Amino acid sequence: MKRIVTKIGDIFCVDVGDNHKRYFQYIANDLHQLNSSTIRVFKAEYPLDVEPSLDEIVTDGVDFYSHTILKFGIQENAWIKVGKSMNIGSFDSIMFRSATDYSPPCLKSYHWYVWKLGQEESTHIGELTEEYANMTDYGGVYNYEWIVERIKTGHYPCAMPY
(Lines give C-alpha, C1' and ligand atoms only; values in the text may rest on other atoms or scores of the structure.)
Protein backbone atom coordinates (compact mmCIF):
# COMPACT_ATOMS: atom_id res chain seq x y z
CA MET A 1 0.00 0.00 0.00
CA LYS A 2 1.23 3.45 -0.92
CA ARG A 3 2.09 5.78 1.96
CA ILE A 4 -0.36 8.65 2.31
CA VAL A 5 1.19 12.05 2.99
CA THR A 6 -0.99 15.07 3.66
CA LYS A 7 0.13 18.57 4.51
CA ILE A 8 -1.62 21.71 5.62
CA GLY A 9 -2.82 23.56 2.54
CA ASP A 10 -3.74 20.42 0.56
CA ILE A 11 -6.96 20.75 -1.44
CA PHE A 12 -9.28 17.80 -2.04
CA CYS A 13 -12.15 17.17 -4.44
CA VAL A 14 -15.35 15.27 -3.62
CA ASP A 15 -17.75 13.92 -6.25
CA VAL A 16 -21.19 15.00 -5.00
CA GLY A 17 -23.16 13.20 -7.69
CA ASP A 18 -25.34 14.58 -10.46
CA ASN A 19 -22.14 15.20 -12.47
CA HIS A 20 -20.82 17.78 -9.94
CA LYS A 21 -17.99 18.16 -7.43
CA ARG A 22 -16.99 20.30 -4.46
CA TYR A 23 -13.71 21.07 -2.74
CA PHE A 24 -12.27 21.28 0.76
CA GLN A 25 -8.89 22.23 2.21
CA TYR A 26 -6.86 20.83 5.09
CA ILE A 27 -6.07 23.92 7.19
CA ALA A 28 -4.86 22.83 10.63
CA ASN A 29 -4.59 20.17 13.32
CA ASP A 30 -6.77 20.69 16.38
CA LEU A 31 -5.33 19.57 19.72
CA HIS A 32 -8.83 19.78 21.23
CA GLN A 33 -9.89 16.88 19.02
CA LEU A 34 -7.06 14.34 19.14
CA ASN A 35 -4.87 16.52 16.92
CA SER A 36 -7.21 15.63 14.06
CA SER A 37 -7.18 17.32 10.68
CA THR A 38 -9.35 20.41 10.46
CA ILE A 39 -10.87 21.14 7.08
CA ARG A 40 -12.77 24.00 5.53
CA VAL A 41 -15.37 23.01 2.97
CA PHE A 42 -16.10 25.50 0.23
CA LYS A 43 -19.60 26.41 -0.96
CA ALA A 44 -19.17 26.35 -4.73
CA GLU A 45 -20.21 23.32 -6.73
CA TYR A 46 -18.62 22.70 -10.14
CA PRO A 47 -19.46 20.42 -13.06
CA LEU A 48 -17.08 17.44 -13.19
CA ASP A 49 -15.54 18.68 -16.46
CA VAL A 50 -14.66 22.15 -15.04
CA GLU A 51 -11.23 22.62 -13.47
CA PRO A 52 -11.25 25.81 -11.36
CA SER A 53 -7.91 27.32 -10.38
CA LEU A 54 -6.66 26.68 -6.87
CA ASP A 55 -6.93 30.42 -6.19
CA GLU A 56 -10.59 30.37 -7.25
CA ILE A 57 -11.27 27.43 -4.95
CA VAL A 58 -9.67 28.88 -1.81
CA THR A 59 -11.24 32.33 -2.23
CA ASP A 60 -14.74 30.86 -2.35
CA GLY A 61 -16.99 31.20 0.69
CA VAL A 62 -16.71 28.58 3.41
CA ASP A 63 -19.71 26.30 3.93
CA PHE A 64 -18.47 24.68 7.15
CA TYR A 65 -15.43 23.58 9.16
CA SER A 66 -14.96 20.08 10.50
CA HIS A 67 -12.51 17.54 11.89
CA THR A 68 -11.69 14.27 10.14
CA ILE A 69 -8.96 11.77 9.41
CA LEU A 70 -7.88 12.49 5.85
CA LYS A 71 -6.07 9.26 5.06
CA PHE A 72 -9.19 7.10 5.33
CA GLY A 73 -11.07 9.26 2.83
CA ILE A 74 -8.12 8.99 0.46
CA GLN A 75 -7.83 5.22 0.93
CA GLU A 76 -11.54 4.73 0.23
CA ASN A 77 -11.56 7.13 -2.76
CA ALA A 78 -14.06 9.40 -1.02
CA TRP A 79 -11.88 12.35 -2.02
CA ILE A 80 -8.79 12.99 -4.10
CA LYS A 81 -5.99 15.46 -3.61
CA VAL A 82 -5.92 18.03 -6.41
CA GLY A 83 -3.30 20.52 -5.26
CA LYS A 84 -2.08 22.77 -2.50
CA SER A 85 -2.44 26.42 -1.54
CA MET A 86 -0.78 28.14 1.36
CA ASN A 87 -3.80 30.47 1.52
CA ILE A 88 -5.49 28.69 4.44
CA GLY A 89 -7.55 31.68 5.56
CA SER A 90 -7.76 33.27 8.98
CA PHE A 91 -8.53 31.31 12.14
CA ASP A 92 -9.94 34.37 13.95
CA SER A 93 -13.59 33.37 13.65
CA ILE A 94 -13.32 29.56 13.53
CA MET A 95 -15.02 28.17 16.63
CA PHE A 96 -16.15 24.71 17.62
CA ARG A 97 -18.37 23.38 20.38
CA SER A 98 -18.57 20.12 22.30
CA ALA A 99 -20.59 18.80 25.20
CA THR A 100 -19.26 16.65 28.02
CA ASP A 101 -22.52 15.14 29.22
CA TYR A 102 -24.59 14.19 26.21
CA SER A 103 -25.21 10.63 25.16
CA PRO A 104 -27.71 9.39 22.56
CA PRO A 105 -30.65 9.14 22.54
CA CYS A 106 -30.72 12.11 24.95
CA LEU A 107 -29.40 14.98 22.87
CA LYS A 108 -29.79 17.86 25.31
CA SER A 109 -26.68 18.99 27.13
CA TYR A 110 -26.11 21.54 29.84
CA HIS A 111 -22.32 21.36 29.78
CA TRP A 112 -21.13 22.89 26.52
CA TYR A 113 -17.61 24.07 25.83
CA VAL A 114 -16.48 26.29 22.97
CA TRP A 115 -12.99 26.89 21.61
CA LYS A 116 -11.29 28.79 18.84
CA LEU A 117 -9.16 26.86 16.41
CA GLY A 118 -5.50 27.31 17.27
CA GLN A 119 -6.09 28.23 20.91
CA GLU A 120 -5.47 25.84 23.77
CA GLU A 121 -8.18 27.11 26.12
CA SER A 122 -11.83 26.21 25.92
CA THR A 123 -14.66 28.05 27.64
CA HIS A 124 -17.52 26.40 29.54
CA ILE A 125 -20.79 28.06 28.48
CA GLY A 126 -23.31 25.71 30.12
CA GLU A 127 -26.50 25.38 28.10
CA LEU A 128 -26.05 25.98 24.36
CA THR A 129 -27.41 29.40 23.44
CA GLU A 130 -28.60 30.41 19.98
CA GLU A 131 -25.59 32.75 19.72
CA TYR A 132 -23.10 29.89 20.05
CA ALA A 133 -25.20 27.45 18.05
CA ASN A 134 -25.11 29.85 15.10
CA MET A 135 -21.42 30.77 15.28
CA THR A 136 -19.83 27.37 15.97
CA ASP A 137 -19.61 23.99 14.29
CA TYR A 138 -19.93 20.81 16.35
CA GLY A 139 -16.34 19.81 17.06
CA GLY A 140 -16.46 16.03 16.80
CA VAL A 141 -14.05 14.04 14.62
CA TYR A 142 -16.10 12.65 11.74
CA ASN A 143 -15.39 9.68 9.51
CA TYR A 144 -15.03 10.26 5.79
CA GLU A 145 -18.54 8.98 5.05
CA TRP A 146 -20.13 11.58 7.32
CA ILE A 147 -17.98 14.37 5.85
CA VAL A 148 -19.03 13.40 2.32
CA GLU A 149 -22.68 13.21 3.41
CA ARG A 150 -22.56 16.73 4.83
CA ILE A 151 -20.82 18.05 1.71
CA LYS A 152 -23.54 16.48 -0.44
CA THR A 153 -26.63 17.25 1.66
CA GLY A 154 -25.68 19.97 4.14
CA HIS A 155 -26.29 17.65 7.12
CA TYR A 156 -24.49 14.90 8.98
CA PRO A 157 -26.35 11.57 8.87
CA CYS A 158 -27.23 11.74 12.58
CA ALA A 159 -28.98 14.01 15.02
CA MET A 160 -26.59 16.47 16.58
CA PRO A 161 -26.82 17.42 20.27
CA TYR A 162 -28.08 20.83 21.28
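The values are calculated or read from the model by the stated rules, or taken from the named source; none is laboratory data. All figures in this text were calculated on a predicted structure; none of them were measured in a lab. FYI the Cβ positions are ideal-geometry reconstructions off the backbone, even for glycines, and counts take in every protein chain you see. For accessibility, only protein heavy atoms count, side chains too; no ligands or nucleic acids. Shrake-Rupley method; radii C 1.70, N 1.55, O 1.52, S 1.80 Å.
List of remarks:
- Test: residue in segment 11-25 that is at pLDDT below 95, touching a Phe, Trp or Tyr at 6+ places or on another chain (Cβ under 8 Å) and either surrounded by fewer than 17 Cβ atoms within 10 Å (Cβ to Cβ) or closer than 20 Å to residue 146 by Cβ (or both): no
- Filter pass, residue 109 being free of Cβ contacts under 8 Å to residues at least 60 places away in the same chain and in contact with an Asp or Glu (Cβ under 6 Å, 6 or more places away or on another chain): yes
- Residue in segment 138-154 that is of a type in the set (A, V, I, L, M) and open to solvent by 40 Å² or more (accessible area, probe 1.4 Å) present: yes
- Inside segment 119-153, residues that are in contact (Cβ under 8 Å) with a residue 60 or more places away in the chain and either part of a loop (DSSP other than H, G, I, E, B) or at positive phi (or both) make up a count of 4.
- Filter result (in contact with a Ser or Thr (Cβ under 7 Å, 6 or more places away or on another chain) and among the charged types (D, E, K, R)) within segment 12-46: 30
- In segment 68-88, the residues that are acidic (Asp, Glu) form Cβ pairs under 9 Å with partners that are open to solvent by 60 Å² or more (accessible area, probe 1.4 Å), at six or more places apart or across chains, as follows: 76/145.
- Taken over segment 112-124, the residue count meeting the criterion of being at pLDDT 90 or above and touching a His at 6+ places or on another chain (Cβ under 9 Å) is 7.
- Take the conditions (1) hydrophobic (A, V, I, L, M, F, W, C); (2) surrounded by fewer than 20 Cβ atoms within 10 Å (Cβ to Cβ); (3) under 16 Å from residue 147 (Cα atoms); residue 5 misses just one of them, which is (3).
- Hits in segment 133-148 - residues which are in contact with a strand residue (DSSP E or B) (Cβ under 9 Å, 6 or more places away or on another chain) and more than 16 Å from residue 38 (Cα to Cα): 133, 135
- Odd one out for residue 88 among (1) of a type in the set (A, V, I, L, M, F, W, C); (2) over 15 Å from residue 33 (Cβ atoms); (3) in contact with a helix residue (DSSP H, G or I) (Cβ under 6 Å, 6 or more places away or on another chain): (3)
- Of the strands (runs of 3 or more DSSP E) lying entirely inside segment 30-110, those containing at least 1 residues that are over 26 Å from residue 122 (Cα atoms) and open to solvent by 30 Å² or more (accessible area, probe 1.4 Å) are 80-84.
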